[in-house]
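Worksheet: the structure to be examined is printed underneath.
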Amino acid sequence: MLQEFMKTESISIRSSDHVIFEPESDCKKLLIVFAYINQKLGTRSHSSFLRDVDCKKLFLNPGSNEWYQTGVPGAASSYSSLFAFLQGVRSSFADHEILCLGHSMGGFAALGMGVGIGADRILASAPEYVLNTPNSLSIRHLKDTRIECGDLTPTLATNPKSSITVLVGKQNPFDMDVARRLSMFPQTEVVALETGHNTFPYLKDIGRLGATLRAFVEGRDIRSVVAGV
């Protein structure tokens, strides 16, 4: 059990197997990373590619494949209470840029939570934004899970400020259809890669994942990085 702890005027964040907070950076940026399915507890998503990226980092892992409908232990027990927790985080770091990052299941949370709390930038890799649709990953896992927030359409359609980049693999027809519909929402761009659902592993294999994540955090153009320009 990790013991890092930070208490601010608005919220307390205690590190555990589900919540890992790294506040050491002096950079005025906070990166919130949402874990994907089947990730081991106590691990940091994409940590080896984020280790040298200068910003504060908050890693969230629900420990179950329920698309954050049951929250994150140690922070919240439902989607709405996780949203309230992250609103508190946002308030505590009001002088910081807030960035949200997630792949697949984590991409759903990055989109919904990120736009909801007014994140500055969001990077969502192969996300769904409407759960339990035919051929989706979520319909395979959620089953009897009570869905509190299964459709992000109202949130994304009224996005007031968050800049969204969606990474998608051209070889996955379901993901491509989702990305096409996402591209119609405000302030959303789609970057298509020559792969399937495994967008981040693909970028890792071609040696560009670290550069892509760094460009995202630094606010640089992602499209040129993934293209190797």
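Values for this structure:
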quantity	calculated
Within a Gaussian network of the chain (alpha carbon springs, distance under 10 Å), most fluctuating of Ile206, Ile164, Ile98	Ile206
Check: the range 135-205 dipole with +1 on Lys, Arg Cβ and -1 on Asp, Glu Cβ, in debye	60 debye
Cross-link table Lys57/Lys170; Lys161/Lys204; Lys28/Lys204; Lys170/Lys204; Lys29/Lys57, entries beyond 19 Å C-alpha to C-alpha	Lys57/Lys170; Lys161/Lys204; Lys28/Lys204
Check: the chain dipole with +1 on Lys, Arg Cβ and -1 on Asp, Glu Cβ, in debye	160 debye
Helical mean residue ellipticity (222 nm; -39500 (n - 2.57) per DSSP H run of 4+; nearest 500) of the chain	-8500 deg cm²/dmol
Ordering of 76-87, 27-38 by burial proxy (mean other Cβ atoms within 10 Å per residue, highest first)	27-38, 76-87
Potential extension, Glu148-Asn38 segment - 0.36 nm per residue separation minus Cα distance	37.5 nm
Three-way shape label, the range 1-136, alpha-carbon gyration tensor, a/c 1.5	rounded
Separation in nanometres of the label points that stand 7 Å from Cα toward Cβ, at Met184 and Lys161	2.8 nm
Volume in Å³ per residue [convex hull over Cα atoms, computed for the range 63-166]	92 Å³
Dipole magnitude of the range 63-181, debye to nearest 20 (Cβ charges: Lys/Arg +1, Asp/Glu -1, about Cα centre)	180 debye
Matching label, Kirkwood radius over Cα pairs in Å computed from the structure shown, candidates [x] 17.4; [y] 19.5; [z] 19.0	[x]
Local net charge near Ala84, Cβ-Cβ under 13 Å (Lys/Arg +1, Asp/Glu -1)	0
Cross-link reach list, lysines versus Lys143, counting only Cα pairs under 25 Å and skipping chain neighbours closer than eight places	Lys40
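Just so you know, all these numbers are worked out from the coordinates, no wet-lab data involved. These numbers come from a predicted model, not from an experiment. In this analysis, Cβ positions are derived from the backbone assuming ideal geometry, glycine residues included, and neighbour counts consider all displayed protein chains.
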